[in-house]
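Peer 1: Below is a structure I'd like to ask you about.
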Amino acid sequence: MSDLLSAFLHLLLLFKLVAPVTFRHHRYDDLVRTLYKVHNQCPYITRIYSIGRSVKGRHLYVLEFSDYPGIHEALEPEVKYVGNMHGDEVLGRELLLQLSEFLCEEFRNQNQRITRLIQETRIHILPSMNPDGYEAAANRGPKIPGHLVGRNNANEVDLNRNFPDLNTYFYYNEKHGGPNHHLPLPDNWESQVEPETEAVIRWMRSFNFVLSANLHGGAVVANYPYDKSPGHRFRNAHSTTNSPTPDDKLFRKLAKVYSYAHGWMHQGWNCGDYFPDGITNGASWYSLSKGMQDFNYLHTNCFEITLELSCNKFPRQEELQREWLGNREALIQFLEQVHHGIKGMVLDENHHNLTGAVISVSGINHDVTAD
């Protein structure tokens, strides 16, 4: 009898481990449990770590996928996804939890495409950059009409207007000469930013991220830098001046990869707006200062785009499965783009690794730096 009971409990535990995430909204405790459940399912290809805490002390947890978690391997690029920067824009948070489940499950099923992606890429997933804001929004719920509370963090600061403004320095350098890459932080930058922003900046400086996407809601479009136009003067200026980066061709390609792999983003007509090919330059939509995607480009090697993924910032639970199916292929294809560039080792005449070597591309006035 005890042997039968033991076998039954083992089967029940196995079923619980392989059971997929239910399509529902995850509060903070649920989010943490889900991350650890994925880690327990796939312990040899995942790692959970915290990059810091929110204003109210909640951990900003990251789930890493790699064949050697916790280790940077030469020629293996670092990629990140960031969700829920605005607490009331919740779809990205749920999609990243679903993506985490999917990567683990497909690796266990020996899906060759997913196995190759995990073996050749180090993927970092931050489902929620603003857990305090999310809890405030979730307390109000998705059925309440009108603008949801929770967009900002617990100090009522918009985290996507909270990064050091490096665009101003870049525009000055363009006219007068000066660095066009890895622009330095202001001396007192820590005192100017929120705890969540500081944690993400230190995260960016700890890993040589190459590619990134920041998941938002309120529209359906892939938005690429610059977000700030050279003529921007006011925090909420709604000018519509196209402001391309020196890597505009690449950014447009990255945005189109996501848009055309998405179920309907590429159609252009979404949420009452029309964006040809489902993409837009940030400043040509509206100019914003101190945004995260511009900061990535100007301070690090990372190319980040912003994905606006739903007309409704807080979709109903019954809509989540449709949204996942509409975004699943796009999320995977975007990760795969990190392998479409050039990679290699920078060596001296004695074949020793050189760090901090500046790499320039003819015709593109923006350099990158070897790690």
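The values are calculated or read from the model by the stated rules, or taken from the named source; none is laboratory data. All values derive from a computational prediction rather than experimental measurement. With ideal geometry, Cβ positions are generated from the backbone for all residues, glycine too; neighbour counts draw on all protein chains shown.
Peer 1: Looking only at the stretch 146-165, how many residues end up being modelled with pLDDT of 95 or more, part of a loop (DSSP other than H, G, I, E, B) and of a type in the set (A, V, I, L, M)?
Peer 2: Within the stretch 146-165, residues that are modelled with pLDDT of 95 or more, part of a loop (DSSP other than H, G, I, E, B) and of a type in the set (A, V, I, L, M) number 2.
Peer 1: Next up: Out of curiosity, is Gly133 of a type in the set (Gly, Ala, Ser) and part of a helix (DSSP H, G or I)?
Peer 2: Yes; evaluated as a whole, the condition is true for this residue.
Peer 1: What is the residue count in the stretch 293-306 for residues that are out of contact with any helix residue (DSSP H, G or I) (no Cβ under 6 Å at 6 or more places or on another chain) and crowded, with 23+ Cβ neighbours inside 10 Å?
Peer 2: 5
Peer 1: Scanning for something buried (at least 19 other Cβ atoms within 10 Å of the Cβ), among the polar types (S, T, N, Q) and closer than 18 Å to Glu89 by Cα, does the stretch 273-288 turn up at least one residue?
Peer 2: Within the stretch 273-288, none of the residues are buried (at least 19 other Cβ atoms within 10 Å of the Cβ), among the polar types (S, T, N, Q) and closer than 18 Å to Glu89 by Cα.
Peer 1: While we're on this one: Select from the stretch 263-272 the residues that are in contact with a strand residue (DSSP E or B) (Cβ under 6 Å, 6 or more places away or on another chain) and not polar (S, T, N, Q) and write down the one among them that is surrounded by the most Cβ atoms within 10 Å (Cβ to Cβ).
Peer 2: Only one residue fits best here, namely Met265.
Peer 1: If you don't mind, another one. Only residues that are in contact with a His (Cβ under 9 Å, 6 or more places away or on another chain) and either of a type in the set (Ser, Thr, Tyr) or without any contact (Cβ under 8 Å) to a residue 60 or more places away in the chain (or both): list them for the stretch 262-305, please.
Peer 2: Selection gives Asp277, Gly278, Ile279, Ala283, Tyr286, Ser287, Ser289, Tyr297, Thr300.
Peer 1: Are there any pairs, at least 6 apart or on different chains, whose C-beta atoms fall under 7 Å, with the first in the stretch 198-218 and under 19 Å from Glu120 (Cα atoms) and the second assigned to a helix (DSSP H, G or I), and if so, which?
Peer 2: Val210/Val338; Leu211/Gln337; Leu211/Val338; Ser212/Asn296; Ala213/Phe334
Peer 1: Right, next: What pairs can you find where one residue is in the stretch 107-133 and farther than 27 Å from Gly52 by Cβ and surrounded by 21 or more Cβ atoms within 10 Å (Cβ to Cβ), the other is of a type in the set (Asp, Glu) and at pLDDT 95 or above, and their Cβ atoms are less than 7 Å apart, with a gap of 6+ or different chains?
Peer 2: Listed pairs, sorted by first residue: Leu117/Glu336.
Peer 1: Just wondering, is there one or more residues in the stretch 227-240 that are closer than 16 Å to Phe303 by Cβ and modelled with pLDDT of 95 or more?
Peer 2: There is at least one residue in the stretch 227-240 that is closer than 16 Å to Phe303 by Cβ and modelled with pLDDT of 95 or more.
Peer 1: Can you confirm whether Leu75 is modelled with pLDDT under 95 and over 30 Å from His339 (Cα atoms)?
Peer 2: no
Peer 1: From the set of residues in the stretch 249-261 that are over 14 Å from Pro276 (Cα atoms) and touching a residue at least 12 places away in the same chain (Cβ under 8 Å), which is surrounded by the fewest Cβ atoms within 10 Å (Cβ to Cβ)?
Peer 2: Here the answer is Leu250.
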